[in-house]
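The structure appears right after this line, and notes come after that.
FYI, it's all coordinate maths here, none of it is from the lab. Computed from a prediction, not measured in an experiment: that's the story for all the values here. Don't worry about glycine lacking a Cβ; one is built from the backbone with ideal geometry, like all the others, and counts go over all protein chains shown.
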Amino acid sequence: MKTFYTSRIKPKLLNTFIALVCLLGGHISSAQAQKTDFQSWTLVTATVNIDPDKKFFAYMEAQPRIGDDISRLERLLIRPAVGYNLNQNLALTLGYAWTPTFSNAAYEGDFRNENRIWQQLLYKHDMWGLKWQHRLRQEQRIIEDASSTSNRTRYLLRGSYGLASDSSYGLTGYNEIFVTENGTHKGPIGGFDRDRFFFGPYLVSGPGRYEIGYLGEYARQFGKDSRMINAIMLSAQYNF
């Protein structure tokens, strides 16, 4: 029978974790966005070890985003990659992404193609009773009609708190900052691009980790009005 961890939860530590993730993302909800939208995001990923020593791995991600108050497809992300585990806590990844938009911010029929090359460093460690994850990603975005390639840096900080002795379920939250390094004509403006925040429970079962929760994103829209997205986020992440 599974041993539950409820009686061993440290209330002060749990409250600190909740306060931390709320502090990281709280400024999103207070941002004075000129437009808001309710969306549904679904994320499915698979990581497969491709050598006996589990050093090299293949990665695949699919992520449809339904916008306009969950009525039509806004964006689709297909993101394959290969990676290398330097050790059990540190991994490097190189990948490609196809990320077209099917509707603009006003939800007019405006398909716009985008291709990306991306590089990533992922570092994991334990501290203060939490499992932490730092993700630094660099993207070269080739956007249809933009005058040149747009370079963007992303940094994500995630914390997970296990509520079971084996951490098979618990709470998780993250905050991710996006910064565009160079502006392009008919493309992104240089500087702050967006801030994304998530909080919700997780469940680990077999090779899968499942999460559901609230995602908020405050973003600049290629020089147009800024936008606040409130979304239901569903994710399924598999490791083989």
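Report the extension gain between Ala58 and Leu94 in nm, rounded to one decimal, defined as 0.36 nm multiplied by the number of residues separating them, less their alpha carbon distance.
Separation in residues times 0.36 nm, less the Cα-Cα distance, equals 12.0 nm.
How far apart, in nm, are two points set 7 Å out from the Cα along the Cα-to-Cβ line at Phe38 and at Leu136?
Going from the Phe38 label point to the Leu136 one covers 4.0 nm.
What is the order of Asp110, Asp37, fewest Cβ neighbours within 10 Å to most?
So the residues, fewest neighbours to most, are Asp110, Asp37.
Given C-alpha coordinates of the stretch 172-237, what is the ratio Rg to Rh with the Kirkwood estimate of Rh?
Rounded to two decimals, Rg over Rh is 1.12.
How do Ser235, Ser71 line up, fewest other C-beta atoms within 10 Å first?
Final ranking by Cβ density, sparse to dense: Ser71, Ser235.
If you put +1 on each Lys and Arg Cβ and -1 on each Asp and Glu Cβ, how big is the dipole of the stretch 6-239 around its Cα centre, in Debye rounded to 20?
Numbers: 27 positive and 22 negative charges, 119 e Å.
Dipole of the stretch 6-239, to the nearest 20 debye: 580 debye.
Which aspartates and glutamates have a Cα lying under 12 Å from the Cα of Lys186, excluding residues fewer than 8 positions away in the same chain?
Leaving aside aspartates and glutamates fewer than 8 places away in the same chain, those within reach of Lys186 are Glu144, Asp145.
Working from the pairwise distances between different alpha carbons, so that the mean of 1/r is found and then inverted, what is the stretch 6-239's Kirkwood radius in Å? Walk me through the intermediate numbers first.
Details: mean 1/r = 0.0530 Å⁻¹.
Evaluated on the stretch 6-239, it is 18.9 Å.
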